Amino acid sequence: MIKIAQIGTSKNSHGNSIWESIKKQTGLFEIAGYAFPENEREKFPDRMKPFDGYPEMTVDEILANPEIEAVTVETEEIYLTKYALMASKAGKHIHMEKPGGRELVDFEQLIHTAKERSLTFSTGYMYRFNPKVLEALDKVDKGALGEIYAVEAHMDCKHPPEVRQWLENFPGGMMFFLGCHLVDLIYRIQGEPLEVIPMNCATGLDGVSAKDYGMVAFRYPNGISFAKTCACENGGFLRRQLVICGSKGTIEIKPFEVSAEGGQYTVMNETYHSNWNAPGNMTKTGIYDRYDAMMKNFAELVMGKKDNPYTYAYEYGLYKLLLRACGKEPA
């Protein structure tokens, strides 16, 4: 059993969902309490109810408590690295919302501190634990698709104008906020690209001036991969997809997420035929929760039951690549 506390929540990300997940996984987590260090209670009053009945603490109280082994850092994105670094310096294992704060130097210090102290460092890329993504990655790793020459990834949705304007807080706007999930998948499958070509822009719809349309191309030795993420696309949620193209076959995961009673499900199509009209083999998952597997994985990492395939070096490399995808070349 892991004694855990949460630092922060937010309006537009996964803080409340992570809290609900650790609350329900009572065989893994004992919740010590939570802290709202960035005036979350005043800024997000409609997000407070799930925390009722649990002790509210200060960050200092959480970090000074030797019984608290781990923290979930779920503040607004701009504060993530700040509090994760504080937690790592206090010797706490960390699950942090993706992708981290805005500055590479701060993220680098976080990774260095976590590695130096042999702390679990987990990030909120929940698609890493999507059942069909796991199945697809296993097929890629075992060579079932042959030589991978392209990955195409979409993550779109319809956000109101105030959320789209809020994206101006981040380099690259929507690419930083949600495109990070797609960059993670491409990087996991293909590694470091030869060239990064960011094409992020503002649609200008509803008077929004922030970059609410994210697009980036990655050039590899044998092909071009891309990530596209749009915040103003009607029907975009059900068009979220991952396509992995190899010399022996193609996997298409679409829809990535279909809401259903009790959770969601995912659909995958595999094609290994040269016949242009071959329909492929379509399968879908049962109903599952979007975050439970990720938080269970975090617990198992903290307890030493498995090694983390997403190493410190991987997370650092991913963050650097994301900044490039956002048009911000690391110094």
Consider ALA210 against the criteria (1) closer than 19 Å to PHE129 by Cβ; (2) in contact (Cβ under 8 Å) with a residue 24 or more places away in the chain: it satisfies all of them except one. Which criterion is unmet? (1)
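What residue, of ALA136, ALA144, ALA153, is assigned to a helix (DSSP H, G or I) and either at pLDDT 95 or above or within 20 Å of the chain's Cα centre (by Cα) (or both)? First the steps, then the outcome.
Values: ALA144 fails: assigned to a helix (DSSP H, G or I); ALA153 fails: assigned to a helix (DSSP H, G or I).
On inspection, the qualifying residue turns out to be ALA136.
What number of residues in the stretch 81-99 are without any contact (Cβ under 8 Å) to a residue 40 or more places away in the chain, within 12 Å of PHE121 (Cβ to Cβ) and not β-branched (Val, Ile, Thr)? First the steps, then the outcome.
Restricting attention to the stretch 81-99, the residues satisfying the condition of being without any contact (Cβ under 8 Å) to a residue 40 or more places away in the chain are 81-82, 84-86, 88-92, 94, 96.
Filter once more, so that each one left must be within 12 Å of PHE121 (Cβ to Cβ): 81, 84-85, 88, 92, 94, 96.
Filter once more, so that each one left must be not β-branched (Val, Ile, Thr): 84-85, 88, 92, 96.
Qualifying residue count, the stretch 81-99: 5.
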Out of all the residues in the stretch 119-127, is one or more part of a helix (DSSP H, G or I) and under 15 Å from the mean Cα position of the chain (by Cα)? yes
Taking the stretch 109-134 and keeping only residues that are touching a strand residue (DSSP E or B) at 6+ places or on another chain (Cβ under 9 Å) and basic (Lys, Arg), one is left with LYS115, LYS132
What number of residues in the stretch 89-118 are in a strand (DSSP E or B) and surrounded by fewer than 23 Cβ atoms within 10 Å (Cβ to Cβ)? 0
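Name the residues in the stretch 37-72 that are touching a strand residue (DSSP E or B) at 6+ places or on another chain (Cβ under 9 Å), in contact (Cβ under 8 Å) with a residue 24 or more places away in the chain and in a helix (DSSP H, G or I), would you? Step through it out loud before you land on a result.
Going through the stretch 37-72, the residues touching a strand residue (DSSP E or B) at 6+ places or on another chain (Cβ under 9 Å) turn out to be 37, 41, 51, 54-63, 65, 67-72.
From what's left, in contact (Cβ under 8 Å) with a residue 24 or more places away in the chain: 37, 51, 57, 59, 61-63, 65, 67-72.
Result: PHE51, VAL59, GLU61, ILE62, LEU63.
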Where residues in the stretch 310-331 are of a type outside the set (Val, Ile, Thr) and part of a loop (DSSP other than H, G, I, E, B), which of them is farthest from the chain's Cα centre (by Cα)? ALA331
So is ILE22 of a type in the set (A, V, I, L, M, F, W, C) and within 24 Å of the chain's Cα centre (by Cα) or not? yes
If you go through the stretch 302-322 one residue at a time, do you hit one that is of a type in the set (D, E, K, R), out of contact with any Pro (no Cβ under 8 Å at 6 or more places or on another chain), surrounded by 17 or more Cβ atoms within 10 Å (Cβ to Cβ) and outside the structural domain of ASN169 (by TED's automatic domain parsing)? yes
Somewhere in the stretch 28-36, is a residue buried (at least 20 other Cβ atoms within 10 Å of the Cβ), within 22 Å of the chain's Cα centre (by Cα), part of a loop (DSSP other than H, G, I, E, B) and not polar (S, T, N, Q)? yes
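Looking for something closer than 23 Å to SER21 by Cβ and either of a type in the set (Lys, Arg) or out of contact with any helix residue (DSSP H, G or I) (no Cβ under 6 Å at 6 or more places or on another chain) (or both) - is there at least one such residue anywhere in the stretch 269-283? Steps first, answer last, please.
We begin by selecting, within the stretch 269-283, every residue closer than 23 Å to SER21 by Cβ; these are none.
Looking for residues that are closer than 23 Å to SER21 by Cβ and either of a type in the set (Lys, Arg) or out of contact with any helix residue (DSSP H, G or I) (no Cβ under 6 Å at 6 or more places or on another chain) (or both), one finds none in the stretch 269-283, hence no.
Report, by residue number, each residue of the stretch 1-27 that is among the aromatic types (Phe, Trp, Tyr) and assigned to a loop (DSSP other than H, G, I, E, B). If you could, list the steps in order and put the result at the bottom.
Step one: list which residues in the stretch 1-27 are among the aromatic types (Phe, Trp, Tyr), which gives 19.
None; the set is empty.
Each row is one residue, and each column tells you yes or no for (1) under 24 Å from LEU323 (Cβ atoms); (2) among the charged types (D, E, K, R); (3) in contact (Cβ under 8 Å) with a residue 60 or more places away in the chain.
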{"site": "PHE176", "(1), (2), (3)": "yes, no, yes"}
{"site": "HIS181", "(1), (2), (3)": "yes, no, yes"}
{"site": "LEU185", "(1), (2), (3)": "yes, no, no"}
{"site": "GLN190", "(1), (2), (3)": "yes, no, no"}
{"site": "PRO198", "(1), (2), (3)": "yes, no, yes"}
{"site": "THR203", "(1), (2), (3)": "yes, no, no"}
{"site": "ALA217", "(1), (2), (3)": "yes, no, no"}
{"site": "CYS230", "(1), (2), (3)": "yes, no, yes"}
{"site": "ARG240", "(1), (2), (3)": "yes, yes, yes"}
Matching residues in the stretch 261-309 - criterion: being without any contact (Cβ under 8 Å) to a residue 60 or more places away in the chain, aliphatic (A, V, I, L, M) and part of a loop (DSSP other than H, G, I, E, B): ALA278, ILE287
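Counting only residues that are buried (at least 20 other Cβ atoms within 10 Å of the Cβ), give me the strands (runs of 3 or more DSSP E) lying completely in the stretch 162-260 with at least 1 of them. Can you show your working first?
Details: elements: 195-198, 213-220, 223-230, 241-246, 250-253, 258-260.
Those strands (runs of 3 or more DSSP E) span 195-198, 213-220, 223-230, 241-246, 250-253.
The values are calculated or read from the model by the stated rules, or taken from the named source; none is laboratory data. The shown structure was predicted, so the numbers you read here are calculated from the model rather than taken from an experiment. All Cβ positions, even for glycine, are placed from backbone atoms using ideal geometry, and neighbour counts span all protein chains on display.
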